[in-house]
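See structure below.
Taken together, the values in this text are just the output of simple stated rules run on the coordinates, not laboratory data. As the structure is a computational prediction, the values presented were derived from the model and not from experiment. Every residue, glycine as well, gets a Cβ built from its backbone with ideal geometry; the counts of neighbours run over all protein chains shown.
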Amino acid sequence: MTAPFFLQETNDQKLFNIASELLNTEKAYVTRLKLLDQFYAKLMEEANKGTFPVDVVKNIFSNISSITTFHRDFLLPDLEKRMGEWASTPRIGDILQKLTPFLKMYAEYVKNFDKAMELLKHWTDRSPQFKAIIQDIQSQEACGSLTLQHHMLEPVQRVPRYEMLLKDYLKKLPQDDPDRRDAEKSLEIIATAATHSNSAIRKSENLKKLMEIYEMLGEEEDIVHASNEFIKEGNLLKLAARNASAMERHLFLFNNMLLYCVPKFSLGGPKYTVRTRIGIDGMTVRESNNEDYPFTFQVSGKERTLELQASSEQDKAGWIKAIQETIDIFNQKNESFKNALKDVEEVSKAELGKRAPRWIRDNEVTMCMKCKEPFNAITRRRHHCRACGYVVCWKCSDNKVALEYDANKLNKVCKDCYAILKGESVTEGKKKGILEAGPGAFTDSSIMCGFLQYSERSKPWQKVWCVIPETECLVLYLYGAPQDVKAQSTIPLLGYTVEDSARPADPPATFRLSQSKSVHGFAADSEELKLRWLKVIRVAVLGERPERPQTDGANPGVSDNNNEHEAGTNGT
């Protein structure tokens, strides 16, 4: 039904209304920014007393003070002045153009947002004083019963709001209007910035959901990480293998795991106990042919296989589709790493025996690079394969073959090179575990690597070779020496808390990684070297890909993919 003519808005009135909405929302936004400044000031006041680190507060609030200053002292006054003289100057494009140079501030804030949320959660849990200040301000009427996290999302949401209002404004603006050029130029730049903000909004919504699930699980499962992406949840029936019973269960599907949970009674809302955490790696899903139970399907992982019954055919199809898509995406991300290893192997075989290899130094390994048995001075001494340059034991190098690069003279080689050069098939050993990814495959393409002192659970400090590979940038590999073919251990960095404060008995330049009851201590040769490691690790623990730090060769304890361990020329 069309409104009577005298009630219809003119186009000029619509443009005025959009400009008025811009002003009113800007006033409300500045009020929220002032509130964030209050949080910041109170926490800084307490931090300066030494209650918690000053850097924590600065990292949480990033550049919020600069954003507040710009909107409070510049953009809002300009908008108020323009609306007061709208009759003579009906335009907003020129004013919003003033915003575009300051969008870099928003880019910095959005980039820091995930880290800020992690720090906020960590210190709210860890420091009673920190928590008390936040709760005190949140209880004020000006907060509107909203949390600090909610208010911190406002700057992330503001740029998409400008984009939406500008688009609406341009739809109503005549093609020949003097403001069109400025408005279009503003929209082009703001739309680009809004893309990053929308991504941050999606991440914040995901983190909010992770927090809800964390509380449902009794705050016992460590799932609140930036790289954990919630996919789907729901009630299903688990079919028992030994009888005809079906038990109610609840599933939470993430991008990297499936949580199989049992409901438990609670007055405060749904609560669950995790029965099994099944990794997406190696998982399969398929329909079941169960005549007694309709709508069934099977999920099989390395940890457990489940036969589940959905509530309907549609529900079953939805679960199978979601799980299969999650498996496919996970496998695609891991495929590039497998191809990289395959390419390295093929290149080395093609040149084997035709080119003198780089010998691995004796002190770069602590075990045979073939059988992985540890070396000793009497029964298992070090020998070099003349074909590949690996350091091996006598059992793995008890063969000789003519090598083209050495005028076809007979040379001692390892058993694998002997088989390849003789045209025999190499006997496949057992499938490599995750610890058997040698640092040689990683060091030359690593984000960070080098020697650190390491201690776990108050054990004595020991020197280890640490590697964060480009292909697995969220994992820290620990080796006994730079060329060992098997890692002593690995640390998935995601979700760890970085502690930069040394304890009384610690060596200099110490930092720690902690998660739940697991604590790993590291010590670098210098404070500068420690800071380089921390710069990389602090990004990785948030689930983001760290950048390789610049090196000028001043720190020999660290090498990146431009620094190689020079081969020795002496050996057996």
Exercise. So what's region 248-298 giving for Cα Rg divided by 2.2 N^0.38 Å, two decimals?
Worked result: 1.39
Seminar exercise, completed: Taking a straight Cα-to-Cα line shorter than 17 Å from LYS49, and setting aside same-chain lysines fewer than 8 residues away, one finds LYS58, LYS131
Exercise. By how many nm would the segment from LYS49 to GLU499 lengthen if fully extended, with 0.36 nm per residue of separation less the alpha-carbon distance?
Worked result: 160.1 nm
Problem set entry | Phi-based couplings in Hz for region 489-505 (Karplus 6.51, -1.76, 1.60; Gly and Pro marked x) | 6, 10, 10, x, 5, 4, x, 6, 9, 9, 10, 9, 9, 7, 9, x, 8
For this session: Could you list which residues have their amide H under 5 Å from that of GLU470, counting only those 5 or more apart in sequence or on another chain, with H placed in the peptide plane?
Result: SER446, ILE447
Exercise. Just in region 380-424: which chymotrypsin sites (Phe, Trp or Tyr not before Pro) are loop by DSSP and have at most 15 other Cβ atoms within 10 Å?
Worked result: TRP394
Problem set entry | At most 14 other Cβ within 10 Å, DSSP loop - trypsin sites (Lys or Arg not before Pro), region 47-95 | LYS49
For this session: Have a look at region 352-421 and give its Rg and Dmax from the Cα atoms, expressed in angstrom.
Result: 11.7, 33
Exercise. Can you flag which of LYS42/LYS104; LYS395/LYS486; LYS34/LYS172 are past 22 Å Cα-Cα?
Worked result: LYS42/LYS104; LYS34/LYS172
Exercise. Which values, in whole Å and largest first, are the semi-axes of the equivalent ellipsoid of region 278-328 obtained as the square root of 5 times each eigenvalue of the Cα gyration tensor?
Worked result: 19, 13, 7
Seminar exercise, completed: Once the in-chain neighbours fewer than 8 apart are removed, the aspartates and glutamates whose Cα is under 13 Å from LYS232 read ASP315, GLU325
Exercise. So what are the ³J(HN,Hα) numbers for region 287-298, from phi and the Karplus equation (6.51, -1.76, 1.60; θ = phi - 60°), rounded to whole Hz, Gly and Pro as x?
Worked result: 6, 9, 9, 10, 5, 7, 10, x, 6, 9, 8, 10
Exercise. Counting other C-beta atoms within 10 Å, which of VAL262, VAL464 has the fewest, and how do the rest follow?
Worked result: VAL262, VAL464
For this session: Apply the Karplus parameterisation 6.51 cos²θ - 1.76 cosθ + 1.60, with θ equal to phi minus 60°, to every residue of region 23-33 and state each ³J(HN,Hα) to the nearest whole Hz, in sequence, with x for glycine and proline.
Result: 5, 5, 5, 5, 4, 5, 5, 4, 4, 5, 4
